[in-house]
Amino acid sequence: MQKLKQKFGSIYSEDEARFLVPWQKIRQAALSPIARLLAHLGISADLLSYVSVAFSIAFCLLAPTHFTLAFWLLVASIICDGLDGVEARLKGVATERGSFTDAFCDQMAMAFSVAGMVWRGSISPLLAVLFVYSYTALVTLLILHNMLHVSSRCIVRPSRMPFYAAIALLFFFQIDVLNYLLVVYLLALPVLIVSFWRLRNAL
């Protein structure tokens, strides 16, 4: 188990890290006061990760019939997702176990949010399946890239944030670009093949 802890890698590719690591520092500075308050109240980073998933499940169940309430639950899920890592770093308890928990919960929350929009009839089930598959597979492969020290250049995931932004666009302005966005995300499928062959050739 200790050996596994030492090897768990980042979920960022080399190209993603150039943008996301600086953004992580900005988020750390901006959200630290809230994270400090939550820590004072005894709310742990892991608990925030689990609550994020719970909110996303509620979004999935309510999206078809109570979209307004569901939307704000999704916002709460995203906020919890943003705060868990901030609190862990603030308390100096950012561990491999916590990183694994955060990554797993992120995938769960994303999958349930996609499922909710499918159930609502807002996006194509086929596009949803391909998006969830490609995103989850690429996260898994990027962890392996970092564990095995294999180049991850030009391997970029289809980001969750534009997907969430598209839901907000639909909610506030009734502009639906979700299916168009997921069609663009199909470009991740060839990237998935590139990642697979790099890892396979490195074994």
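The values are calculated or read from the model by the stated rules, or taken from the named source; none is laboratory data. Please read all numbers here as calculations on a predicted model, not as lab measurements. Glycine also receives a Cβ, built like all others from the backbone with ideal geometry; neighbour counts cover every protein chain displayed. Areas reflect the complete protein model, heavy atoms only, side chains present, ligands, DNA and RNA absent. Shrake-Rupley method; radii C 1.70, N 1.55, O 1.52, S 1.80 Å.
Of the residues 44, 149, 26, the one whose Cα sits farthest towards the positive end of the charge dipole of the chain is 149 (charges of +1 on Lys and Arg Cβ, -1 on Asp and Glu Cβ, taken about the Cα centre).
For the pair residue 28 and residue 202, the difference between a 0.36 nm per residue extended length and the Cα-Cα distance amounts to 59.1 nm.
Summed over the residues of the chain and divided among them, the accessible surface reaches 54 Å² per residue at a probe radius of 1.4 Å. Among the listed options (i) 1.05; (ii) 0.96; (iii) 1.21, the one matching Cα Rg over 2.2 N^0.38 Å as calculated from these coordinates is (i). Here the contact order of the chain, divided by its residue count and restricted to Cα pairs under 8 Å and six or more residues apart, works out to 27 percent. Lys/Arg Cβ at +1, Asp/Glu Cβ at -1, dipole of region 34-172 taken about the Cα centre: which of 130, 140, 107 is farthest positive-ward? Positive-most Cα among the choices belongs to 130. For the chain, the share of accessible area belonging to carbon and sulfur comes to 71 percent (1.4 Å probe, ligands and nucleic acids excluded).
May I ask you to give the average projected area over all directions of the convex hull of the Cα atoms of region 140-197, in nm² rounded to one decimal? Quarter of the Cα hull surface area: 4.4 nm². The string of couplings for region 24-30 from the Karplus curve (6.51, -1.76, 1.60, θ = phi - 60°) is 4, 5, 5, 4, 4, 5, 6 Hz, one whole number per residue in order, with x for Gly and Pro.
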